[in-house]
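Comments concern the structure below.
The values are calculated or read from the model by the stated rules, or taken from the named source; none is laboratory data. Just so you know, these numbers come straight off a predicted model, no measurement behind them. All Cβ positions, even for glycine, are placed from backbone atoms using ideal geometry, and neighbour counts span all protein chains on display.
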Amino acid sequence: MASKPSIPKGTRDFSPTEVAKRQYIIQIIKSNFEKFGFQPIETPSFENSDTLMGKYGEEGDRLIFKILNSGDYLAKANAGHLENKDSTKLTSSISEKALRYDLTVPFARYVVQNQNEIEFPFKRYQIQPVWRADRPQKGRFREFFQCDADVVGSKSLWQEVELVQLYDTVFTALGLHGVTIKINNRKILSGIAEVIGASDKLIDFTVALDKLDKIGEDGVKKEMIEKGIDEQAIAKVQPLFNFTGTISEKIQKLSDLLSASDEGMKGVEELRFICDNVTKLGLSNSILDLDVTLARGLNYYTGAIFEVAPPKSVAMGSIGGGGRYDDLTGIFGLKNMSGVGISFGLDRIYLVIEELNLFPETVTAMSKALFINYGDAEAFYAMQAIKKLRASGIKVELYPENTKVGKQFQHADKRGIPFAIIVREEEIALNTFSLKNLTTGEQLLLDFESLKQNLLNS
């Protein structure tokens, strides 16, 4: 007996409807990437292992899918590592390639390899799948798409201003109103740690601060004390626990708090430039907010940090994020190549749009009409019309078999096709077509031009 087919945990099949909705989101993101001057690149689904390993920390290395060498992959395996069952050390002798973990490191590799052909600043976008050997759970998959846009070769803060505008433009086009674009700066976090005399505990401080919404002020203070940050130091950052007001007011509070830190004040000035210009330019439907607890990618980002929250009516994690990195390509030997980038979370954006019922009906529309098959002579007459209708951009198709008419109508109904076109001997004799609305039951006898116009206007 044949075994029941299945797919690996953490992967998904997508139905025609789901694919249509995903493509709708991707097309809007893609068209706006290009509108803002970003150019597409693609990199291989797998890279040499040494390109990826060691770039994401110990946890990241563990989550990278390794590809076994072709053929007898144990032939060159280290006998000692094999005998000792030391999988970590054994891997390098049996696996030379690995599936792409993200789009950023391959992008850095691409820039370094092609630096002589690239015109800097280089604005690139990539929309491709990535793979992570993560524990599958709701909203977390082992295979998923990333939609990234980055600018490398420019330190100008106008790039950050542009990226905020890009976020707003995309979410407006998707009909998502009330999205919050949160911004912070890595230098701010470093400055705070410096001011309280806890520079060596920057990670502990920010990780605790990041939990303010979840565990409250007392919980954060308790965690900081447990991590060795004394109460006197915590008292100095008391304003952070009630960090409210307009962006300008928040920036002023930070300026007062960080006046003794050169690094912190640099962060304040960068934030002021970005926020002032975004505010002056205006956003269509998104909200810009300074969130001092935002601390994503601390080992990676060096300047601005972004995170995008969905409209407050939807319980969902972040739907986008990014930031400024000053030495992305340094891992491959090309120093001082500053960049800034953002990413859109395709899967989560899909879920938000679905929950808010914002997908247009036309997104999932299949064929506009189904020609009913009454036999080869009628089918040929229908195919002549189908060819001309398709040339006019109208989605139509012929039922392939000459079978019971009721079955053909049922097929159209199940597919969500709104019209049936009937072509029998009498229609052919009059050089006409009978157009039937499958919702209302109304039927019209039309010549070809009238048929085309009806389908175009429906």
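Examine the stretch 416-434 for a residue that is assigned to a loop (DSSP other than H, G, I, E, B), loosely packed, with under 13 Cβ neighbours inside 10 Å and modelled with pLDDT of 95 or more, and state whether such a residue exists. Scanning the stretch 416-434, I find at least one residue that is assigned to a loop (DSSP other than H, G, I, E, B), loosely packed, with under 13 Cβ neighbours inside 10 Å and modelled with pLDDT of 95 or more, so the answer is yes.
Which residues, counting only those in the stretch 178-220, are more than 27 Å from residue 275 (Cβ to Cβ) and either among the hydroxyl-bearing types (Ser, Thr, Tyr) or touching a Phe, Trp or Tyr at 6+ places or on another chain (Cβ under 8 Å) (or both)? Within the stretch 178-220, none qualify.
Scanning the stretch 328-347 for residues that are under 17 Å from residue 104 (Cβ atoms) and in contact with a strand residue (DSSP E or B) (Cβ under 9 Å, 6 or more places away or on another chain) yields 328, 329, 337, 338, 339, 340, 341, 342, 343, 344, 345, 346. Taken over the stretch 234-269, the criterion of being assigned to a helix (DSSP H, G or I), touching an Asp or Glu at 6+ places or on another chain (Cβ under 8 Å), of a type outside the set (D, E, K, R) and surrounded by 18 or more Cβ atoms within 10 Å (Cβ to Cβ) is satisfied by 247, 264. Please name all residue pairs, on different chains or six or more residues apart, with Cβ atoms under 7 Å, provided the first residue is in the stretch 269-295 and is within 12 Å of residue 307 (Cα to Cα) and the second residue is in a helix (DSSP H, G or I) and among the basic types (Lys, Arg). Partner pairs satisfying both residue conditions: 290/250.
Within the stretch 392-413, the set of residues being on the phi > 0 side of the Ramachandran plot and touching a strand residue (DSSP E or B) at 6+ places or on another chain (Cβ under 9 Å) is empty. Which residue pairs have Cβ atoms closer than 9 Å, lie 6 or more positions apart in sequence or on different chains, and pair a first residue in the stretch 3-15 that is modelled with pLDDT under 95 with a second residue that is surrounded by 10 or more Cβ atoms within 10 Å (Cβ to Cβ) and among the aliphatic types (A, V, I, L, M)? Matching pairs, first to second residue: 10/133.
Okay, residues lined up against (1) more than 24 Å from residue 26 (Cα to Cα); (2) of a type in the set (Lys, Arg); (3) at pLDDT 95 or above:
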position	(1), (2), (3)
116	yes, no, yes
123	no, yes, yes
127	no, no, yes
135	yes, yes, no
138	no, yes, no
144	no, no, no
147	no, no, yes
151	no, no, yes
161	no, no, yes
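Within the stretch 78-108, the residues that satisfy the criterion of being part of a loop (DSSP other than H, G, I, E, B) and either of a type in the set (S, T, N, Q) or modelled with pLDDT of 80 or more (or both) are 78, 84, 95, 96, 100, 101, 102, 103. Candidates 41, 29: the one that is β-branched (Val, Ile, Thr), surrounded by 13 or more Cβ atoms within 10 Å (Cβ to Cβ), touching a Cys at 6+ places or on another chain (Cβ under 7 Å) and touching a residue at least 60 places away in the same chain (Cβ under 8 Å) is 29.
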